[in-house]
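Visitor: The structure under discussion is supplied below as structure tokens; questions concerning it will follow.
Only the coordinates and a few stated rules stand behind these numbers; no lab work does. Here the structure is a predicted model, which means the values were calculated and not measured. Cβ: placed from backbone, ideal geometry, glycine included. Neighbour counts: every protein chain shown.
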Amino acid sequence: QEVGDDYLNTMDRRAGGRPHNACPPPNETFGILLEASELPRPPIAELSKASITDNTFHVELQSQSKEDAQVNGTQNKYTYDSAGWKHPFVLYMDGILDEGNLGAAARSAYFFGVDAIVTPMRSSAPWSQIAIKASSGAAEAIPIFGVTTPVDFLGRSARNGWRIYASDIVPFEPVSVPEASTALSVVKPPEPVTEVVFTHSKSPKRLPIDHCPLKLHPTILMLGSEGEGLRQSLLSAAHFKVGIRAGRDTNIMGVDSLNVSAAASILCYEFSKRPRGAETLGEKVEEKLF
């Protein structure tokens, strides 16, 4: 749309006197302005059915205005890469206030194969140019959804078969070391130690060391705010907890956790690892045929 000089004064003020594209180039009578929308973030009420065979998952959209629908779209079915063995993986980040942390976590999520990101509509950093820059563009390459009532969203998704893992501090459990023995006795090797620990949400009982969420069910991983972590209402909605073991047995400085974007990197990597012996759907079909 040709607008002539209508926007020159406005753009001069917004640009702080610096050159801008509304200024006509040499030998031209008009400049160029681009009307751009915010990052699309469809509002959803729940994650619904998922299929590892079809490589798809569905969402239930909330109502939105005609203008918002033009930006966010009305898509409710999304494809993902199951690699023949894994269910869809969604990262929910609650109350992240630093835009740099939000973008850095999105970058890690995209790199490690997370299929979508969900953030609350309120009490969260915006998906601004700062967050998008920190994501190195990953925020524009992965579906991002918004929710208005996180607890309802989690409950409804859980009823549709999704399982929720809450990132939290896991109580330290010292590794037992076998006592010195005679040369004739046989010493049983200690259990392997993992740096990422899964527990039940309502008890400290640990899950097997080879527990692999994506092999078992559609998965939501929750990360909390930089200062307080996850709210109790969200922790109560989780089926399981997951924590990262510290490299020190003692903590004299009070550093008991990682930056949220660093934790996102480690957990997204751990969740996305293909477990040993995991058969793909193609391998299962081949076994049945032969």
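Visitor: Can you figure out the FRET efficiency of Ile169 with Glu67, using R₀ = 45 Å and their beta-carbon distance, to the nearest 0.05? Show your work: numbers first, answer last.
Guide: Values: r = 43 Å, r/R0 = 0.95.
The formula returns an efficiency of 0.55 here.
Visitor: Compute the length gained on full extension between Asn160 and Ser37: take 0.36 nm times their separation in residues and subtract their Cα-Cα distance, giving the result in nm to one decimal. Write out the running numbers ahead of the final one.
Guide: Working: separation 123, 0.36 × 123 = 44.28 nm, distance 3.24 nm.
That works out to 41.0 nm of additional length.
Visitor: When Ser51, Ser63 are ordered from fewest to most other Cβ atoms inside 10 Å of their Cβ, what list results? Mind showing how you got there, number by number?
Guide: Details: Ser51 14, Ser63 8.
Lowest count first: Ser63, Ser51.
Visitor: Ok, one more. Over 19 Å between C-alpha atoms is what I'm after, so list which of Lys86/Lys273; Lys77/Lys273; Lys215/Lys241; Lys49/Lys215; Lys202/Lys273 land there. Before the final figure, lay out the partial values.
Guide: Details: Lys86/Lys273 10 Å; Lys77/Lys273 25 Å; Lys215/Lys241 17 Å; Lys49/Lys215 16 Å; Lys202/Lys273 26 Å.
The answer is Lys77/Lys273; Lys202/Lys273.
Visitor: Amide H neighbours of Phe145 under 5 Å, at least 5 residues apart or on other chains, H built in the peptide plane: list them.
Guide: Ile117, Val118, Thr119
Visitor: Given 0.36 nm per residue, what is the gain on full extension from Ala246 to Gln232 after removing their alpha carbon distance, in nm? It would help to have the intermediate numbers written out before the result.
Guide: On the way: separation 14, 0.36 × 14 = 5.04 nm, distance 2.28 nm.
Stretched out fully, the Ala246 to Gln232 stretch lengthens by 2.8 nm.
Visitor: Taking the Cα centroid of the stretch 72-149 and of the stretch 211-227, what is the distance between the two, rounded to the nearest whole Å?
Guide: Their Cα centres are 14 Å away from one another.
Visitor: Taking K and R as +1 and D and E as -1, what net charge do the other residues with C-beta under 12 Å from the C-beta of Ser257 add up to?
Guide: Numbers: positive: Arg245; negative: Asp168, Glu226, Glu228, Asp256.
Every neighbour counted, the sum reads -3.
Visitor: Would you mind calculating the gained length between Met121 and Leu216 on full extension (0.36 nm times residue separation, minus the Cα-Cα distance), in nm to one decimal?
Guide: Details: separation 95, 0.36 × 95 = 34.20 nm, distance 2.97 nm.
Roughly 31.2 nm would be gained on extension.
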